[in-house]
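A single structure is presented below for examination.
We did not get these values from a lab; they are worked out from the coordinates using the rules stated. Worth saying up front: this structure is predicted, and the values here are computed from it rather than measured. Using ideal geometry, Cβ is built from the backbone for each residue, glycine included, and neighbour counts are taken over all protein chains shown.
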Amino acid sequence: MNVFRLAGDMTHLLSIIVLLLKINATRSCRGISLKTQELYAVVFVCRYLDLFTNFISLYNTVMKIIFLVSTFTIIYWMRFHKVIRVTYDREQDTFRYQFLVLPCLVLALLLNNEFTAMEVLWTFSIYLEAVAILPQLVLLQRTNNIDNLTGNYVFLLGSYRALYILNWVYRFMTEKHYRQYLVWISGIVQTIIYIDFFYYYIKSWRNNEKLSLPA
Amino acid sequence: VQEKILKDEL
């Protein structure tokens with residue numbers, strides 16, 4: 001494993017830890033999109049089906065389980081925790097799942113490495129991950145007072161795929177049999193989606209101002 | 001068509 005991949009994984013892990021801490025410490029999920037969290041749950045379930053069929057490494061297995069358990073914990077808190085669920089911005093979090101899920105499903109059926117259930121679901125998870133942040137970004141735009149932890153969460157989540165791109169460049173150059181075009185294109189799309197957010201995040205950080213996204 | 005790809009990433 002190269003340093004970019006490890007940094008990407010750690011950033012991804014850190015983003016989830018930040019989110020868990022924020023919700024748990026403040027007893028509030030204000031500014032967090034349940035739709036994005038549920039889309040990530042779908043992404044992880046579809047991608048990590050190979051937990052049952054293919055052992056890669058202890059690291060790999062443990063990380064997959066952490067991502068699954070933490071995402072379902074967040075969803076559980078946002079839906080059912082008696083204090084936290086009240087703080088969910090239900091009226092603002094209006095993005096429609098089907099606008100993201102259906103195109104990704106069609107694309108996965110058409111563009112995949114192999115037409116098998118496992119492979120199509122895996123490819124679907126790659127496409128869906130690229131766009132799953134959109135409900136969260138829309139919600140952030142509608143939130144007047146974005147708290148620091150929510151901003152940091154989205155920043156870390158965006159950084160993770162950007163670091164993966166460096167990892168892919170590195171692997172492309174060092175590993176002969178490593179040509180994952182579908183993954184690369186999706187990862188680049190995923191990172192591009194964050195560019196606007198990155199711009200305002202860095203600007204607010206440099207000017208020492210509170211983060212806000214223009215509507 | 002791609003080769004059978006290595007799925008060791010998360």
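Between the helical axis of A:58-80 and the dominant principal axis of chain A, each derived from Cα atoms, what acute angle in degrees is found, rounded to the nearest 10?
30
What is the ratio of the Cα radius of gyration of chain A to 2.2 N^0.38 Å, where N is its residue count, to two decimals? Working shown, then result.
Values: Rg = 17.3 Å, N = 215, 2.2 N^0.38 = 16.9 Å.
Dividing the Cα Rg of chain A by 2.2 N^0.38 Å gives 1.02.
Looking at A:ILE202, A:LEU102, A:GLY8, which one has the Cα that reaches farthest to the positive end of the dipole of the protein assembly as shown (charges on Cβ: Lys, Arg +1; Asp, Glu -1)?
Projecting each Cα onto the dipole axis, the largest value belongs to A:ILE202.
Let me ask you something else. Which of A:PHE124, A:VAL42, A:SER28 sits farthest toward the positive end of the charge dipole of the protein assembly as shown, with +1 on the Cβ of Lys and Arg and -1 on the Cβ of Asp and Glu?
Farthest towards the positive pole: A:SER28.
Next up: How far, in degrees from 0 to 90, does helix A:117-131 lean away from the longest principal axis of the Cα atoms of chain A, to the nearest 10?
40
Would you list which lysines come within 24 Å of A:LYS176, measuring only between C-alpha atoms, while excluding same-chain residues fewer than 8 positions from it?
B:LYS4, B:LYS7
Order these by the 10 Å Cβ neighbour count, fewest first: A:LEU58, A:LEU21, A:LEU156. Spell out each step's value before the answer.
On the way: A:LEU58 8, A:LEU21 12, A:LEU156 19.
With the fewest neighbours first, A:LEU58, A:LEU21, A:LEU156 line up as A:LEU58, A:LEU21, A:LEU156.
Let me ask something additional. Rank the residues A:HIS177, A:HIS81 as a footprinting-exposure proxy: fewest other Cβ atoms within 10 Å of their Cβ go first. Present the calculation step by step, with values, prior to reporting the outcome.
Numbers: A:HIS177 9, A:HIS81 17.
Fewest-to-most ranking of A:HIS177, A:HIS81: A:HIS177, A:HIS81.
Counting helices only, and only those DSSP H runs with n ≥ 4, report the 222 nm mean residue ellipticity of the protein assembly as shown as the sum of -39,500 (n - 2.57) divided by its residues, in deg cm²/dmol to the nearest 500.
Numbers: 9 runs with 151 residues, N = 225.
Taking each H run of at least 4 residues, the total per residue is -22500 deg cm²/dmol.
Once the Cα atoms of helix A:181-193 and of chain A are each reduced to a long axis, what angle between those two axes, in degrees from 0 to 90 to the nearest 10, is obtained?
The two axes meet at around 10 degrees.
When the gyration tensor of segment A:136-215 is built from Cα positions, what are the square roots of 5 times its three eigenvalues, in whole Å, from largest to smallest? Numbers along the way, then the final one.
Values: eigenvalues 190, 31, 15 Å².
Ellipsoid half-lengths, sorted descending, are 31, 12, 9 Å.
Here's a follow-up. Where nothing but the Cβ of Lys and Arg (+1) and of Asp and Glu (-1) is charged, how large is the charge dipole of segment A:39-176 around its Cα centre, in debye to the nearest 20? Before the final figure, lay out the partial values.
Values: 11 positive and 9 negative charges, 45 e Å.
For this selection, approximately 220 debye.
A further question follows. Sketch the reach of a paramagnetic label on A:SER28 as a point 7 Å from Cα along Cα-to-Cβ, and name the residues of segment A:66-86 whose backbone nitrogen lies under 18 Å away.
Correct set: A:77-79, A:81-86.
If the cut-off is 27 Å between C-alpha atoms, which lysines fall inside it for A:LYS22, apart from same-chain ones fewer than 8 positions away?
A:LYS22 reaches A:LYS35, A:LYS64, A:LYS82, A:LYS203, A:LYS210.
Classify segment A:15-112 from the C-alpha gyration tensor, please: rounded if a/c falls under 1.5, else prolate or oblate depending on whether a/b exceeds b/c. Please report the intermediate quantities before stating the final value.
Details: a/c = 3.04, a/b = 1.29, b/c = 2.35.
Because a/c hits 1.5 or more and a/b fails to exceed b/c, segment A:15-112 counts as oblate.
If we count other beta carbons within 10 Å of each Cβ, what is the order of A:LEU109, A:LEU137, fewest first?
On the way: A:LEU109 12, A:LEU137 18.
Starting with the residue having the fewest Cβ neighbours, the order is A:LEU109, A:LEU137.
As an exercise, use a Förster radius of 22 Å and the Cβ-Cβ distance of A:TYR199 and A:ASP147 to find the FRET efficiency, rounded to the nearest 0.05.
Working: r = 19 Å, r/R0 = 0.88.
The pair A:TYR199/A:ASP147 has a calculated efficiency of 0.70.
May I pose another question? May I ask for the distance between the Cα centers of segment A:36-74 and segment A:135-211, given as a whole number of Å?
20
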